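Student: Take this structure first; my questions come after.
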Amino acid sequence: MMTINQFIKPKSTKRNSKGNLELGGCDCLELAGKYGTPLYVMCKETLVDMAQSFKKAFSDYPKFQPTYASKALMTKKIAEILYSEGFGFDAVSGGEIYTLHKAGVDMARVTFNGNNKTQDEIKLALEVGIGHFSIDNFSEIEDLASALQGTDKIQHVQLRITPGIECHTHEYIQTGHLDSKFGFDLSQTDSAVEEILKHKNLELKGLHAHIGSQIFETKVFEDEIEVLIKELARLNEKFNLKLDEINIGGGLGITYTKEDTPPSVYEIAEIIKNAIDKNCKKYSIEKPKLFIEPGRSIVGTAGATLYRAGSSKQVPNGKKYVALDGGMADNPRPSMYGAQYSAEVANNKENKTTEQITLSGRYCESGDILIKNIELPKIEKGDVVCIYNTGAYNYSMASNYNRILKPAMVLVNQGQSAMIVSRQTYEQLIENDL
Ligand SMILES: Cc1ncc(COP(=O)(O)O)c(C=O)c1O
């Protein structure tokens with residue numbers, strides 16, 4: 001078992017006897033030929049290994065429930081694999097809930113998060129028997145209570161708080177600072193608890209927070225845990241409650257480029273467990289049940305995207321661009337928040353000279369650049385380029401911009417490949433057009 005979040009490539013990555021890049025024992029040129037490009041490739045070995053590393057890292061914590069954050073990547077197959085590894089799920093929409101339900105997940109292991117759950121989504125979540133709601137704001141308390149009115153159902157809820165912690169990650173993926181759209185400010189938690197306690201169908205179980213994503217610092221997790229435990233102890237005392245759950249959200253960083261040096265899941269787990277230990281003693285409470293919602297760190301490194309190189313352009317006295325057959329619609333992260341990636345040419349390029357190029361996408365935006373200034377062996381038209389670490393927030397954020405079809409996704413393992421999401425078709429593209 002390894003701490004994958006310290007590696008850029010899927011565990012199974014190697015060059016085969018032909019010198020071609022191989023993922024999960026499958027030649028990337030053959031994958032590109034068989035399934036077309038762009039192609040999302042998920043390495044099962046890496047995915048399972050990461051899920052198991054998480055469980056192992058927390059195995060000595062008495063009550064632990066990992067709930068994978070579906071937003072990072074959700075398909076029926078991904079749900080099945082992580083469910084069979086003992087994971088629960090964080091869902092933020094009717095679509096994620098529906099997918100999990102159809103994948104055969106026990107919905108008691110699912111937490112419904114989000115800052116603006118619709119009435120229809122609340123109804124669906126209740127129908128399928130969702131385990132927890134993470135209550136984000138006052139209007140949600142009313143909406144949920146009214147959806148439960150007249151039933152004898154007791155719905156477990158956690159209260160999402162904004163712990164007032166700023167982590168040094170991109171502004172768009174920070175969520176725990178005070179001026180955030182998510183959760184209750186600490187000055188509002190008493191009123192929120194009073195409101196929840198008025199409704200006999202709601203049972204408050206604990207507190208939830210999520211401070212951001214792609215976090216490398218460890219101190220912010222210690223600070224978050226102190227806020228959660230202190231607040232849990234205070235609310236128990238003040239309202240004579242027995243809250244015994246904390247949900248610390250996700251956010252563990254991964255290695256997109258060699259400049260990224262996140263702590264391993266084992267290091268983070270030790271810090272989290274020690275912080276719980278210390279603060280439970282300090283605030284005189286029993287260790288609560290621990291929920292953690294990793295997304296990126298479970299699926300990110302397991303995924304890679306294969307593209308075929310097309311046209312290229314040398315700007316006189318400037319950059320050389322090589323255009324790929326995908327871009328910002330299958331991977332919006334670089335254009336959205338300047339995310340960096342690593343790439344390799346899948347074809348055998350042994351002894352070929354390298355050059356500095358910019359890998360651009362094919363979409364009609366100048367900002368559609370996947371990687372700026374990367375040193376790669378000279379790429380010929382038709383070569384296959386592999387961009388690593390695309391398992392998280394790529395397919396899940398993909399769009400049909402320019403009416404270009406969404407790619408297929410394959411799961412590779414020990415020389416076998418299986419399509420787990422088929423490539424969109426033109427018929428599907430227009431099927432909702434009236
Ligand atoms: C509430 C919540 N939990 C978990 C996550 C997953 O974060 P990550 O993918 O960084 O682990 C997110 C991501 O935004 C989130 O909003």
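Read-outs throughout are calculated quantities, based only on the coordinates presented, and are distinct from any laboratory measurement. Small disclaimer: the values here were computed from a predicted structure and weren't measured. Neighbour counts are summed over all protein chains in view; Cβ atoms, including those assigned to glycine, are modelled from backbone coordinates with ideal geometry.
Student: Restricting to region 44-298, what percent of DSSP beta bridges are antiparallel, rounded to 5? Intermediate values should be presented prior to the final figure.
Tutor: Values: 1 of 31 bridges.
Here the share of antiparallel DSSP bridges comes out near 5 percent.
Student: Largest first and to the nearest Å, give the Cα extent of the chain along each principal axis.
Tutor: Largest to smallest, the principal-axis extents are 71, 53, 42 Å.
Student: With springs only between Cα atoms under 10 Å, which of 102, 406, 44 fluctuates most in a Gaussian network model of the chain?
Tutor: Of 102, 406, 44, the Gaussian network model singles out 102 as fluctuating most.
Student: Another one. Kirkwood Rh over alpha-carbon pairs of region 187-298, then Stokes-Einstein at 37 °C and 0.692 mPa s: what D in µm² s⁻¹, rounded to an integer?
Tutor: Values: Rh = 15.1 Å.
Translational diffusion coefficient: 217 µm²/s.
Student: Could the peptides 384-392, 333-341 be put in order, highest first, of the mean number of other beta-carbon atoms found within 10 Å of their residues?
Tutor: On the way: 384-392: 26.8, 333-341: 17.0.
Result, highest mean Cβ count within 10 Å first: 384-392, 333-341.
Student: I'd like the distance between the alpha-carbon centres of region 276-337 and region 393-434, rounded to an integer number of Å.
Tutor: Computed from Cα coordinates, the inter-centre distance equals 19 Å.
Student: So if we plug the beta-carbon distance of residue 102 and residue 432 into 1/(1 + (r/R0)^6) with R0 = 22 Å, what FRET efficiency do we get, rounded to 0.05?
Tutor: Values: r = 20 Å, r/R0 = 0.90.
E(calc), rounded to 0.05, equals 0.65.
Student: May I pose another question? So between residue 166 and residue 241, what do we pick up on full extension, going 0.36 nm a residue minus the alpha carbon distance?
Tutor: Working: separation 75, 0.36 × 75 = 27.00 nm, distance 2.95 nm.
Extending this stretch completely gives an extra 24.1 nm.
Student: Near the amide H of residue 295, under 5 Å away, which other amide H atoms are found, from residues 5 or more places off or on another chain, if H is placed in the peptide plane?
Tutor: 69, 251, 252
Student: For labels at residue 80 and residue 185 in the simple 7 Å Cα→Cβ model, what's the distance in nm?
Tutor: Modelled inter-label distance: 4.8 nm.
Student: Any idea how far apart residue 30 and residue 195 come out in nm if each label point goes 7 Å out from Cα toward Cβ?
Tutor: Output for this residue pair reads 5.8 nm.
Student: Along region 227-243, what does the Karplus equation 6.51 cos²θ - 1.76 cosθ + 1.60 (θ = phi - 60°) give for ³J(HN,Hα), rounded to whole Hz, x for Gly and Pro?
Tutor: Coupling constants for region 227-243: 4, 5, 6, 4, 5, 4, 5, 5, 5, 4, 5, 5, 9, 6, 9, 10, 4 Hz.
Student: Moving on to the next point. Counting only DSSP beta bridges with both residues in the chain, tell me the antiparallel percent, nearest 5. Don't skip to the answer; put the middle values down first.
Tutor: Values: 32 of 70 bridges.
Taking every DSSP beta bridge with both residues in the chain, the antiparallel ones total about 45 percent.
Student: On full extension of the chain, what length is gained from residue 373 through residue 354, given 0.36 nm per residue of separation minus the C-alpha to C-alpha distance?
Tutor: Gain in length upon complete extension: 5.6 nm.
Student: Residue 423 to residue 319: FRET efficiency via 1/(1 + (r/R0)^6), r the Cβ-Cβ distance, R0 41 Å, to the nearest 0.05? Before the final figure, lay out each step's value.
Tutor: On the way: r = 31 Å, r/R0 = 0.76.
Between residue 423 and residue 319 the formula returns 0.85.
Student: Report the normalised scattering of region 30-182 as log10 I(q)/I(0) at q = 0.09, 0.15, 0.16, 0.20 Å⁻¹, calculated by the Debye formula with identical scatterers on the alpha carbons.
Tutor: -0.36, -0.93, -1.03, -1.31
Student: Could you go through region 194-202 in sequence order and give the Karplus-derived ³J(HN,Hα) for each residue, using 6.51 cos²θ - 1.76 cosθ + 1.60 with θ = phi - 60°, rounded to whole Hz, and x for Gly and Pro?
Tutor: 4, 4, 4, 5, 6, 10, 5, 7, 10
Student: Volume per residue, Å³, of the convex hull around the alpha-carbon atoms of region 44-298?
Tutor: Numbers: hull volume 30.1 nm³, N = 255.
Taking the convex hull of the Cα positions in region 44-298, it is 118 Å³ per residue.
Student: Something else about it: From the gyration tensor of the Cα coordinates in region 326-417, what semi-axes in whole Å does the equivalent ellipsoid have, largest first, with each one equal to sqrt(5λ)?
Tutor: Details: eigenvalues 98, 70, 29 Å².
Equivalent ellipsoid semi-axes, largest first: 22, 19, 12 Å.
Student: So how far, in whole Å, is the C-alpha centre of region 13-39 from the one of region 79-117?
Tutor: Region 13-39 and region 79-117 have Cα centres spaced 32 Å from each other.
Student: Mind giving me the nanometre distance, one decimal, between the label points for residue 258 and residue 277, set 7 Å out from Cα along Cα→Cβ?
Tutor: 3.7 nm
Student: Any lysines with Cα under 23 Å of the residue 349 Cα? List them, leaving off those in the same chain fewer than 8 positions away.
Tutor: 9, 11, 14, 18, 34, 258, 313, 319, 320, 372, 378, 381
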